[in-house]
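Only the coordinates and a few stated rules stand behind these numbers; no lab work does. Since the model is a prediction, treat every value here as computed from it, not as a measurement. FYI the Cβ positions are ideal-geometry reconstructions off the backbone, even for glycines, and counts take in every protein chain you see.
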Amino acid sequence: MLEFVSVQIPVERVQEVYELLGRPPVWPSVAHHVTEDGYPAGWSQHTLDRMFVESSDAMRRILRAIADQAPGWVTTADIAASSDLTVRQVVASLGPFEKRVRGRYGMSLWPFEAREFVDAGIFKYSMSPQTADRIIESAAQVERHEKATS
């Protein structure tokens with residue numbers, strides 16, 4: 001369900017707000033509709049598993065950091081701290097991830113939400129509990145596989 005906020009603006013700036021809202025979003029994953037199975041629309045258990053396995057080590061740590069706090073919201077700095085990455089590495093990982101989500105999986109939205117808090121100059125990320133559970137399980141499976149093959 002969409003959330004709405006009331007914002008008071010000067011009457012002479014209303015047109016600017018409408019123009020801004022009429023533009024396409026800067027980030028593709030502003031809000032998600034979660035289906036009955038608990039995954040974001042278009043995503044399935046199979047697709048999430050595939051996405052996780054095909055992710056870089058850094059992206060796996062980012063996904064796990066978001067999953068560990070689900071359904072709460074985490075900042076880029078929170079993700080960096082809990083995944084042993086720098087903020088720059090987190091941000092740099094999201095660009096290729098977005099291209100892969102669009103190109104390889106045919107999705108227009110990430111399997112987690114991203115919201116920009118312009119006034120604070122930060123992004124926050126969250127995922128549904130079901131998606132988080134799937135990511136945590138996928139991480140455990142990958143870890144078991146890597147231990148077995150090493």
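Here are some notes:
- Sum of -39500 (n - 2.57) over DSSP H runs of 4+, divided by residues of the chain (222 nm, nearest 500): -16000 deg cm²/dmol
- Here the Karplus relation 6.51 cos²θ - 1.76 cosθ + 1.60, evaluated at θ = phi - 60°, turns the backbone of region 115-127 into coupling constants of 10, 8, 10, 4, 4, 9, x, 9, 10, 10, 10, 8, 9 Hz, with x for every Gly and Pro.
- Residues whose amide H comes within less than 5 Å of that of Phe123, counting only those at least five positions distant or on another chain, are Thr76, Phe117 (H built at 1.01 Å from N in the peptide plane).
- Vicinal HN-Hα couplings computed from phi for region 107-113 (Karplus, 6.51 cos²θ - 1.76 cosθ + 1.60; Hz; Gly/Pro x): 9, 9, 10, 5, x, 9, 8
- The longest stretch of the chain left intact once loop-based GluC sites (Glu not before Pro) with at most 16 other Cβ atoms within 10 Å are removed from consideration, loops following DSSP, is 55-150.
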